[in-house]
Amino acid sequence: MTTTSPSSIVRRLASGALVLAVASVAILTASAPANAATTTAWAQFAPLTGTGGDYETQLTFGTAPGLTADVTSTSRAGQVGVISGASTWLGEGTSIGAKYGSSRDQPYLNLRPRADSATTPSVTTYTFASPTPSSGWAFALGDIDADAVRVTAVTATGAPATAAQLGYRESFNYCAPGIVGKPSCTGDALDVPTWDPASTTLTGNAAAADTSGAAAWFEPNTPLASLTFTFARRAGFPVYQTWFASLARDIGGSVTEPGGAPVVGASLALIDESGTTVGITTSTADGSYAFPGFTAADGYTVALSRPDGRIIVGPSSRTADIAEADALDVDFVVRDIVPVPVSGSVLDSDGEPVAGVTVTLTGGGGSTATTTTDAAGAYLFDTVEPDDYTVTIADVPGYAVESTPDPFAVPEDSEVPITDVDFVLAPLPSLSGTVTVGGEPAAGVSITVTGPGGTVTRVTAADGSYSFAGLPDGDYEITATAPDGTVVIGAATRTETVAGSDIGAVDFAFARTGTVAGIVVDTDGAPVAGADITITGPGDPVDLTTDADGAYGLGDLAPADYVITLTLPEGFEAVSELSRAVTITPLGESLVEEDFLLEAAAVDPGPGPSPDPGDGDPAPAPGPGQGTDPGDGLAVTGAENVVALLAFGGATVLLGALAVVIAARRRRQR
């Protein structure tokens, strides 16, 4: 907790930034679509909630399958929020606008550093509800001038994204003259941020000057689980802007018989590259089907469920790539079943289907046929000739075979279907746990398990949980990677032994790191630059020096008690205390008002001329009540109270001066 100080009277005003309530997603026609069906959409933000150092919102993409992200930020308050896009936007003449259309009247997010010093960046993380597509979407960072932002991400496999995977496209200035459809701002086409792939950092102009329109955009080319922006001040009081956009295209085809007759009512599912079913539809009267408006990416699969009494000719699932154009020829052919059919299923011991299992039918004469189980775990062979048969399956990772079907025979002259040729698989043990940050579930945290089967990485779900299924018996090492802006509580690596049963509660806890910051000013409100600040805590003391704005700050502080001490600069006297104690808890507080007020030291005029002892009249003798001897005359009543009142009044004036001066200074910072 922060100790009471005069500066604690002064609190920052809540931001009056515009907040956009998201009621629906607007789909905008692209300015230069790849084909007639291509559409674009700028992402929407829910209202920003919370307080400085602890903000939240939600991002929603405008294209199917409705990708969302939970957003957390340690930005400081003041000029932050969801902005409408009515006065600032990315015009269609910018490189991102040429592909995704103008962002005019589409929202963006305005954020700031955690505190206004170079050592106190804010951390803003977008944790996606499901992995992003590997293409078809973009993000832009704007107003990168007197600041710098580091871009990092965690891929769907739990690995850190490389600079190439982040997909930096171009730096530009959306206020530059000649930009078609630009807002009314004025910028310089040469004023653009510099991208350093080695540090994955965008840095504004070399002078760290506050300018207009400097921006850059990215198109990630691998599925991401989370995306993080670490934003640091270089000079002044910067803000930065964030936009997201996506492209949509269509997937479709037909389901017909071999002669081309339509098959009506066939059920089809669309599966994205993460294996998630993102759409279900049925074929229409002419046999056609469509999945319109999906994010323009590769890696989709259309899976056809076998219609009753029919068998699928060829594969039951086909891939669809809409990264560059619509995929409207994902066609299927089905025919009537020809006796004798042989069918069965592959389920786990809980009755759940196991899809994609290779099934082989082997006849006594050496004939073989192969197929795979569908999404329901079912398989079927037809035109099976009379013979003795066995059915086997290939090894399935993460499972042990619990039961297999008996051999069977297809009699001569029989057309009776052979059914229920089933397999049951027992899942191998699992290892699971949860991850918390500041006591709350943490999504998107990378967990790595190393054991007999090698090394596998997963990311935590929205509720902070993770699970590794199908582990063979043996010893395992489990490691959690600390998210940005956190420190581990306890151990980040644990060891467990799997011996035939599930292991749960392999949990990890992290604390958010905190920030202390403030300003040093004099009683005229002028910043005191070059003042020495020392912050002491659990480790070695950290020495800081106030910058030209009188600001100081230190981030990434682990939970602990700290003492902030100002060394009184030469030529000044203290108005506020020169040392104070603060506490950072696992919640990671932003204590950004640890301010100090100084006044210029009084100048000693030196000794005056000595009076001549013989000059003037002698001093009068004390009168009644004026003597210093307590027994001489009446007591001097009320003198002590007068002195106390003067002292209290002086302290009150100093407190008020501190509040007024620092409040005025902070208003100028906004």
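The values are calculated or read from the model by the stated rules, or taken from the named source; none is laboratory data. Owing to the predicted nature of the structure, the values given are computational and were not obtained by experimental measurement. Counting neighbours? That spans all protein chains shown, and the Cβs are built from the backbone with ideal geometry, glycine included.
Structure above, values below:
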quantity	calculated
Subset tally (residues that are modelled with pLDDT of 95 or more and not in a strand (DSSP E or B)) for the range 32-61	4
Meets criteria (modelled with pLDDT under 95 and either part of a loop (DSSP other than H, G, I, E, B) or in the same structural domain as Leu591 (by TED's automatic domain parsing) (or both)) for Ala118	yes
First in the range 84-103 and under 15 Å from Arg169 (Cβ atoms) and assigned by TED's automatic domain parsing to the domain that holds Trp137, second anywhere and modelled with pLDDT under 95 and of a type in the set (Ser, Thr, Tyr), Cβ under 6 Å, 6 or more apart	Tyr100/Thr40
Top-ranked residue of the range 461-482 - restricted to ones that are of a type outside the set (A, V, I, L, M, F, W, C) and part of a strand (DSSP E or B), ranked as farthest from Thr124 (Cα to Cα)	Gly474
In the range 305-333, residue surrounded by the fewest Cβ atoms within 10 Å (Cβ to Cβ) [restricted to those that are in contact with a Lys or Arg (Cβ under 8 Å, 6 or more places away or on another chain) and in a strand (DSSP E or B)]	Val313
Identity of the residue in the range 174-210, polar (S, T, N, Q) and assigned to a loop (DSSP other than H, G, I, E, B), that ends up farthest from Ala148 (Cα to Cα)	Ser184
Filtered residues of the range 409-422 (kept if touching a residue at least 24 places away in the same chain (Cβ under 8 Å) and in contact with an Asp or Glu (Cβ under 8 Å, 6 or more places away or on another chain))	Val410
Unmet requirement for Gly158, which otherwise passes all of (1) closer than 30 Å to Thr457 by Cα; (2) without any contact (Cβ under 8 Å) to a residue 60 or more places away in the chain	(2)
Odd one out for Glu402 among (1) outside any strand (DSSP E or B); (2) closer than 28 Å to Ser501 by Cβ; (3) not hydrophobic (A, V, I, L, M, F, W, C)	(1)
Residues of the range 574-604 classified as more than 36 Å from the chain's Cα centre (by Cα) and of a type in the set (Val, Ile, Thr), total	2
Qualifying residues in the range 62-78 (those that are assigned to a loop (DSSP other than H, G, I, E, B) and modelled with pLDDT under 90) - the one surrounded by the fewest Cβ atoms within 10 Å (Cβ to Cβ)	Gly66
Counted residues, the range 441-460 - those being buried (at least 18 other Cβ atoms within 10 Å of the Cβ) and not in a strand (DSSP E or B)	5
Residue under evaluation Val278, criteria (1) touching a Gly at 6+ places or on another chain (Cβ under 8 Å); (2) touching a residue at least 40 places away in the same chain (Cβ under 8 Å); (3) not assigned by TED's automatic domain parsing to the domain that holds Leu59, criterion not met	(1)
Residues of the range 413-440 classified as in a strand (DSSP E or B) and within 21 Å of the chain's Cα centre (by Cα), total	5
Subset tally (residues that are farther than 19 Å from Asp116 by Cα, surrounded by 24 or more Cβ atoms within 10 Å (Cβ to Cβ) and either over 16 Å from the mean Cα position of the chain (by Cα) or not assigned by TED's automatic domain parsing to the domain that holds Lys99 (or both)) for the range 217-235	1
Positions within the range 211-254 being among the basic types (Lys, Arg) and in a strand (DSSP E or B), in sequence order	Arg233, Arg249
Criterion: polar (S, T, N, Q), touching a Ser or Thr at 6+ places or on another chain (Cβ under 7 Å) and surrounded by fewer than 18 Cβ atoms within 10 Å (Cβ to Cβ) - qualifying residue of Thr125, Thr157	Thr157
